[in-house]
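Asker: Before I ask anything, let me first share the structure, which is written out below as structure tokens.
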Amino acid sequence: MKPTEPSFRESVDIMFNRAVALMDLSPGLEEKIRVCNATYTVRFGVRLRGKIETFTGYRSVHSEHMEPVKGGIRFATSVSQNEVEALAALMTYKCALVETPFGGSKGGLCIDPRDWEEHEMEQITRRFAYELAKRDLINPSQNVPAPDMGTGEREMAWIADQYRRMNTTDINANACVTGKPANAGGIQGRVEATGRGVQYALREFFRHPRDVAAANLSGTLEGKRVVVQGLGNVGYHAAKFLQEEDGAKVTGIIERDGALHDEAGLDVEAVKAWIGKHGGVAGFPDATHHADGATVLEAECDILIPAALEGVIHLGNAERIRAPLIIEAANGPVTAGADEVLRARGTVIIPDMYANAGGVTVSYFEWVKNLSHIRFGRMQRRQEEARHLLIVSELERLSRDTGTGWELSPDFKDRYLRGADELELVRSGLDDTMRIAYQSMSQVWHERADVQDLRTAAYLVAIDRVAKSYKAKGL
Ligand code: NAD
């Protein structure tokens, strides 16, 4: 990265400033929305392998215009106050854009989870959770974390259990964190949610011919060449669904140890299995391996999905990025400088605050489920089935009585008679959320002559909602 490149947090501020310059907010309110309310830094010791190891963690609260505040916990060596604050700010705007009733927060622990055994990770995670929970930085009504890079269901289950032990009489304890395993208060479809959201976002994009044309593309997702960076939770699910369900062709996969490239298309499931077994993509048969993975970001393709970490498209490589459409599955993968270069070249960027909002959307459903203490669909599913059966039986009776000989196909009957289960309801809610949020962004993009891109449009929609919420509070 060139030395003139702004930091991740500065990038978020630059993008924010570009949007508020087009708005009519008082300078005081503008500043109130931009700044991060508080960041808590904790250094704690855990006795491991015969000595005390000290870890540094953060939990940043960007905006409390709505509570609880929401945002993932990241486990990575790159975690810093700067990074956590940038991610917390993005959470505020993301929640506003997809209309989840939360403020923005984010947490992180400086650690490489691969350095530690499972039981050691449990000790470390529980201790971190203890430090946060005792300051209400984990709390069902104030601050609700979720998974992010380096964390998943396992860590969320430990955190929930730790909170429960500290709050034995809190009937809503399960709602203190989302992304829990299904058998420990989680919700169907949360693991895949962010990748699924990326798929739904692209589907909605391709429903808007004008937007598709702006990216110099045409048609549908069928046959589109996709390059994905990071085959972790988000990248794997996005690539898998696009390949299996939309007919897209995954021609490049970039991981820590290099990249695979094959114009004929890579088998995402097979690559994932290979990584699971060998720890990386190197050696995967039937594809070209590039030791310098970043070069594949510059490969010719239709859709580039950075789904690993921030700042990977920067002033140093922006000019060479050939994809006409970038969907930011990761947070902050395009720096503010690169964003300017790409905008000038006509590249369409579907911004992070929208593109990866599937995670927080399904987290919202999980939180609601935990607070209502009942799984979605439990009350109405069979009743819905009974009513559908009533219609089908009546149609069949009419057909018999009138001798028309009409018959409903068995496939139609099967699908129509089945009441929606939790997973179907979650997908339906996620799809609806992604469609509506896209439409609100796209509308601003096209209706306002001074808005040239989806990112500025997304910021405008989000900031306007946060501003209204502050104004309603009398600020
Ligand atoms: P993850 O840890 O599951 O996966 C990250 C993947 O990126 C891993 O496969 C890792 O090997 C790979 N990677 C790491 N460094 C790399 C590099 N230099 N080059 C190429 N690949 C590299 O993390 P995740 O949960 O999938 O998160 C990825 C991104 O998506 C992050 O920016 C995160 O903030 C964002 N995000 C995640 C969620 C979620 O629900 N998990 C929600 C919203 C946003």
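The values are calculated or read from the model by the stated rules, or taken from the named source; none is laboratory data. All figures in this text were calculated on a predicted structure; none of them were measured in a lab. Counting neighbours? That spans all protein chains shown, and the Cβs are built from the backbone with ideal geometry, glycine included. Quick note on the areas: whole protein, heavy atoms, side chains included, nothing else; ligands and nucleic acids left out. Shrake-Rupley method; radii C 1.70, N 1.55, O 1.52, S 1.80 Å.
Asker: Please go through (1) more than 22 Å from residue 10 (Cβ to Cβ); (2) of a type in the set (Val, Ile, Thr); (3) surrounded by 24 or more Cβ atoms within 10 Å (Cβ to Cβ); (4) touching a Lys or Arg at 6+ places or on another chain (Cβ under 6 Å) for residue 84 and return the number of the only condition it doesn't satisfy.
Answerer: Exception for residue 84: condition (1).
Asker: A further question on this structure: Identify, please: which residue in region 269-322 is aliphatic (A, V, I, L, M) and in a strand (DSSP E or B) and is, among those, nearest to the ligand (Cβ to nearest atom)?
Answerer: 305
Asker: Would you mind telling me which numbered condition in (1) in contact (Cβ under 8 Å) with a residue 60 or more places away in the chain; (2) open to solvent by 20 Å² or more (accessible area, probe 1.4 Å); (3) in contact with a His (Cβ under 9 Å, 6 or more places away or on another chain) residue 427 fails?
Answerer: (3)
Asker: Let me ask something else about it. Does residue 56 count as open to solvent by less than 10 Å² (accessible area, probe 1.4 Å) and away from the ligand (no atom under 12 Å from the Cβ)?
Answerer: no
Asker: Which of the residues belonging to region 194-220 are open to solvent by less than 10 Å² (accessible area, probe 1.4 Å), more than 16 Å from the ligand (Cβ to nearest atom) and either without any contact (Cβ under 8 Å) to a residue 24 or more places away in the chain or closer than 26 Å to residue 362 by Cα (or both)?
Answerer: 204, 205, 212 - these are the residues of region 194-220 that are open to solvent by less than 10 Å² (accessible area, probe 1.4 Å), more than 16 Å from the ligand (Cβ to nearest atom) and either without any contact (Cβ under 8 Å) to a residue 24 or more places away in the chain or closer than 26 Å to residue 362 by Cα (or both).
Asker: All but one of (1) surrounded by 21 or more Cβ atoms within 10 Å (Cβ to Cβ); (2) within 14 Å of the ligand (Cβ to nearest atom); (3) touching a residue at least 60 places away in the same chain (Cβ under 8 Å) hold for residue 328, so report the exception by its number.
Answerer: It fails just one condition, (3).
Asker: Return a yes/no flag: does region 147-159 have any residue that is away from the ligand (no atom under 16 Å from the Cβ), surrounded by 18 or more Cβ atoms within 10 Å (Cβ to Cβ) and under 20 Å from residue 104 (Cα atoms).
Answerer: no
Asker: Here is a further query. Sort out which residues of region 222-247 are away from the ligand (no atom under 14 Å from the Cβ) and either open to solvent by 20 Å² or more (accessible area, probe 1.4 Å) or more than 20 Å from the chain's Cα centre (by Cα) (or both), and write them in order of number.
Answerer: The answer is 222, 223, 224, 225, 243, 244, 245, 246, 247.
Asker: When you check residue 361 against the structure, is it among the hydroxyl-bearing types (Ser, Thr, Tyr) and under 28 Å from residue 174 (Cα atoms), yes or no? Write out each step before concluding.
Answerer: Values: among the hydroxyl-bearing types (Ser, Thr, Tyr): yes; under 28 Å from residue 174 (Cα atoms): yes.
For residue 361, the condition - among the hydroxyl-bearing types (Ser, Thr, Tyr) and under 28 Å from residue 174 (Cα atoms) - is met.
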